[in-house]
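What follows draws every value from the coordinates through simple rules; no lab data is involved. Predicted model, so just to flag it, every value in this text is computed and none were measured. Note: ideal-geometry Cβ built from the backbone for every residue, glycine included; neighbour counts use all protein chains shown.
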Amino acid sequence: MKDSTSPPQDHDREDEYAALVKPGDAVETPDGEIWVVAAVMPDDLVLVSAYRDATGLVYADVYEATHTTIPTALARKVADARSVRRP
């Protein structure tokens, strides 16, 4: 049981940071599409189309990119920006 007066543990902070959606991260929308976050607004995410290759790596579309904006609550983070590739 956690004591509400005790400071948060380091792993709690790591989990919170990992869950944050930041520009460059890959997210999945409810329809199963993969997107890369271009910008984070107060209630929305600005997204750029992306795709997964046969090995599961996420690549941002650079040639025929589609842009959209969705409410943040509809996106689920699937990859950190460090693992998103840009061809």
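Counting Lys and Arg as +1 and Asp and Glu as -1 over every other residue whose Cβ lies under 12 Å from the Cβ of W35, the net charge comes to -2. The charge dipole of the range 22-85, taken about its Cα centre with unit charges on the Cβ of Lys, Arg, Asp and Glu (plus for the first two, minus for the last two), comes to roughly 260 debye. With both residues required to sit in the range 22-85, DSSP beta bridges show an antiparallel share near 90%. Distances longer than 15 Å among the Cα atoms of the range 22-85: what percent of all pairs is that? Across the range 22-85, Cα pairs with separations above 15 Å total 41 percent.
With 0.36 nm allotted per residue and the present C-alpha distance subtracted, the D53-K77 stretch has 6.9 nm of extension available.
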